[in-house]
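Everything on this sheet refers to the single structure shown next.
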Amino acid sequence: EIEIECRKIIEEFAALVTTQGNADGQVSRAIRRFGLVAAAGEIATANELTGWNRGEAIDAAQKCFIAWLEHRRTYDPVAKAVERVKMFVLEHDERFEVVGGKPVKQRFGYRKGSTFHILPEVFRDVVCAGEKSETVAQALEESGFLNTTAKNRLQKLERISGEPTWGYSIKDTIREAA
C-alpha cells in the first residue's frame, strides 16, 4: 500500500512541475527524485511522524526542484550553452530569412523547415560572443539540439536557394528547452 501511495505522489509531483520542454533526460530523472522526497515527506506526514500539514512536503520539494533547475540553467556549462542559443533564437526570430520567403535585412541565418540555420560568423561573433563557438556547438550536439551530417562535424551544409551554405543547424525544439 505504501509503494502504491509513493508512486501516486511521485506521478502527481511530476505532473505539477513538468512544463512543456523542461523534461529532458536529466531533468526527468531529477523530477522523479524530488518526487520521491515529496512522497516520503507526505507519507511520513500522513503517519503523524513530522508534525507538518498535508501538502507541505510537496511544496518544499517543488521549491527545491525549482532552485535546482535554476542552478542547472545558470551553472551547468551544457545547459548554459543551450540557454544562450535558445535566447538568441527567441530574441532574433525575425532576423532569420524563411527559405523561399522575403529577403531579410541584417540576416542572422535562415529558417528551413523546423530548423534555424545560423551562419558561421554570426554563431561565432554574435551567439557565442565571449565563449568558444566549438564548445557551445558541442553542447548543443550533446543536448540533441544540433543537426549534424557526420560525427565530429558541427556545421552542416544546407542548400539555400540553390547555393550550398555552411552553418549551424539548430532544431526549433530549442525554443522550449528548459
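Just so it is clear, none of the values below were taken in a lab; they were calculated from the coordinates. Values in this document were obtained by computation on a predicted structure and should not be read as measured data. Note: ideal-geometry Cβ built from the backbone for every residue, glycine included; neighbour counts use all protein chains shown.
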Worksheet item: Roughly what % of DSSP beta bridges within the chain run antiparallel, to the nearest 5?
Response: 85
Worksheet item: In deg cm²/dmol, rounded to 500, what helix-only [θ] at 222 nm does the chain give when every DSSP H run of at least 4 residues adds -39500 (n - 2.57) and the total is split over its residues?
Response: -16000 deg cm²/dmol
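How much length is gained if the chain between Thr135 and Trp166 is pulled fully straight, taking 0.36 nm per residue apart and subtracting their Cα-Cα distance, in nm to one decimal? If you can, show how the numbers build up before the last one.
Numbers: separation 31, 0.36 × 31 = 11.16 nm, distance 1.78 nm.
Extra length from Thr135 to Trp166 when fully extended: 9.4 nm.
Taking the DSSP beta bridges in segment 88-178 as the whole, what percent of them are antiparallel, to the nearest 5?
Values: 16 of 19 bridges.
Percentage antiparallel, nearest 5: 85.
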Worksheet item: In terms of the Cα gyration tensor, with a ≥ b ≥ c the square roots of its eigenvalues, is segment 83-167 rounded because a/c is under 1.5, prolate because a/b exceeds b/c, or oblate?
Response: oblate
Worksheet, complete the sentence: Helix 25-46: inclination vs the chain longest Cα principal axis, degrees, rounded to 10, gives 20
Response to the item:
Between the Cα axis of helix 56-75 and the main Cα principal axis of the chain, the angle (0 to 90°, nearest 10) is 30
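Return a whole-number percent for the relative contact order of the chain, with Cα pairs under 8 Å and 6 or more residues apart as the contact set. Could you put the intermediate results ahead of the total?
Working: 225 pairs, mean separation 34.9, N = 178.
With pairs under 8 Å counted, the relative contact order is 20 percent.
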Worksheet item: Over segment 1-87, what is the relative contact order in whole percent, taking alpha-carbon pairs under 8 Å and six or more residues apart?
Response: 26
Item to complete: Note the full-extension length gain between Asp125 and Ala40 as 0.36 nm times their separation in residues minus their Cα-Cα distance, in nm to one decimal.
Response: 25.7 nm
Response to the item:
Labelled set (i) 48, 36, 32; (ii) 101, 41, 26; (iii) 70, 31, 30; Cα extents along the principal axes in Å computed from this model equals the value at (iii)
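Pairs of alpha-carbon atoms within less than 8 angstrom and 6+ residues apart define the contacts here; what relative contact order does segment 68-173 have, in percent? Before the final figure, lay out each step's value.
Details: 142 pairs, mean separation 26.3, N = 106.
Dividing the mean separation by the residue count of segment 68-173 yields 25 percent.
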Response to the item:
Distance in nm between Lys105 and Thr19 label points, each 7 Å along Cα→Cβ, equals 3.5
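Under the rule a/c < 1.5 gives rounded, and otherwise a/b versus b/c splits prolate from oblate, where does segment 103-148 land using the Cα gyration tensor? Before the final figure, lay out each step's value.
Working: a/c = 3.38, a/b = 1.22, b/c = 2.77.
Taking the square roots of the gyration eigenvalues as a ≥ b ≥ c, segment 103-148 is oblate.
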Worksheet item: Once the piece of chain linking Leu157 and Arg7 is laid out straight, how much longer is it, given 0.36 nm per residue of separation minus the C-alpha distance between them?
Response: 49.3 nm
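Just add up the charged neighbours of Val98: K/R +1, D/E -1, any other residue whose Cβ is under 13 Å from the Cβ of Val98. Walk me through the numbers on the way to the answer.
Working: positive: Arg95, Lys102, Arg107, Arg111, Lys112; negative: Asp93, Glu94, Glu97, Asp172.
Result for the local shell: +1.
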Worksheet item: Which residue fluctuates the most in the chain, going by a Gaussian network model with Cα springs under 10 Å, if the choices are Gly41, Gly162, Gly113?
Response: Gly162
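Please get the size of the charge dipole for segment 37-178, origin at its Cα centre, with Cβ charges of +1 on Lys and Arg and -1 on Asp and Glu, quoted in debye to the nearest 20.
640
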Worksheet item: Angle, helix 2-17 long axis vs. longest principal axis of the chain, Cα atoms, 0 to 90°, nearest 10?
Response: 40
Worksheet, complete the sentence: Given 168-177, 123-132, the highest-first ranking by average Cβ count within 10 Å works out to 168-177, 123-132
Discussion item. Can you give me the distance in nm between label points at Thr173 and Asp93, each placed 7 Å from the Cα along the Cα-to-Cβ direction?
Written reply: 1.9
